[in-house]
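See structure below.
No lab work stands behind these numbers, since they all come straight from the coordinates. Every value quoted in this text rests on a predicted model; they were computed, and no experiment measured them. Positions of Cβ are generated from backbone atoms using ideal geometry, with glycine treated the same way; all protein chains shown enter the neighbour counts.
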Amino acid sequence: MKPYVLVNTAMSLDGKISTSLRRQTRISSEWDRRRVDFLRASCDAIMVGIGTVLSDNPSLTVKSEELRRKRRDEGKEENPLRVIVDSSLRIPKNAEVLHKGEGKRLIFSTFRAPEERIKELQNFAEVVLVGEERVNLKEAMKELHKREVKRILVEGGGTLIFSLLKEGLVDEICVYIKNIVIGGERAPTLVDGEGFIENFPEFHLSSLLTDENGVLLRWKRR
Ligand SMILES: NC(=O)c1ccc[n+]([C@@H]2O[C@H](COP(=O)([O-])OP(=O)(O)OC[C@H]3O[C@@H](n4cnc5c(N)ncnc54)[C@H](OP(=O)(O)O)[C@@H]3O)[C@@H](O)[C@H]2O)c1
């Protein structure tokens, strides 16, 4: 058993989710940012890879006071469980995601994570070891399911998204495509990693919306 896995990102019309500098880049529109906030508030957990934490230092909090209040009224914490995938615990102990906003954190790591880093990070997050070299994402999803996570939002980056697709764990992909070109062969894309050369994962288009700056596509697994 696993949670429903929803990937959400914003990209340029040429498929880039950041520039070749690999730093946080505002790609979405104001409308899309509000939609993502709503999506965050409606999920039980939000997951990112350590690459995204190191590049963007996101807090992954629900920004709207009204949505946080609604979660509280429903007996939930203000923010969904924040989940980081980090094989060797490279996460800095002052990372925003470990400190900003109320709510629990969970770091999935591996048996090669240094003991002293595990102890240090346990002050801020639950650390769960699944996998030898890299985080075993199937096991991670089972662990999340045990913790009552029914719906998880994956916010990147491209390396983590590729692995989730490869493991057949992605149920839905939501992508906001903005009317800009970023380019650059080293700029990250929605799906990086090794890529597929056959058995391409297939999705069907479930909805298409537009605003003045772009298109929002929702794809569901076939
Ligand atoms: N536009 C958007 O919506 C958006 C959203 C998020 C990120 N981004 C951009 O994406 C870039 C970061 O993406 P990224 O691809 O470098 O990093 P990432 O996907 O966030 O994290 C990848 C890292 O996770 C760790 N990991 C552990 N187990 C894994 C597994 N089973 N499969 C895959 N990864 C595993 C690996 O590092 P270890 O081996 O050290 O654990 C791996 O290098 C940044 O430039 C950021 O700005 C854009």
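For the stretch 130-165, which positions are acidic (Asp, Glu) and over 15 Å from the mean Cα position of the chain (by Cα)?
Within the stretch 130-165, Glu132, Glu133, Glu139, Glu143, Glu148 qualify.
Mind listing just one residue for me: the one in the stretch 1-19 that is within 12 Å of the ligand (Cβ to nearest atom) and assigned to a strand (DSSP E or B) and, of those, nearest to Asn136 (Cα to Cα)?
Val7
Quick check on this structure: which one of Arg34, Arg22, Arg40 is more than 9 Å from the ligand (Cβ to nearest atom), among the charged types (D, E, K, R) and either out of contact with any strand residue (DSSP E or B) (no Cβ under 9 Å at 6 or more places or on another chain) or closer than 20 Å to Gly193 by Cα (or both)? Quick ask: steps written out before the conclusion?
Numbers: Arg22 fails: more than 9 Å from the ligand (Cβ to nearest atom); Arg40 fails: either out of contact with any strand residue (DSSP E or B) (no Cβ under 9 Å at 6 or more places or on another chain) or closer than 20 Å to Gly193 by Cα (or both).
Only one candidate passes the filter, namely Arg34.
Look through the stretch 45-69, keep the residues that are over 14 Å from Glu102 (Cα atoms) and surrounded by fewer than 18 Cβ atoms within 10 Å (Cβ to Cβ), and return whichever of them is nearest to the ligand (Cβ to nearest atom).
Selected residue: Leu54.
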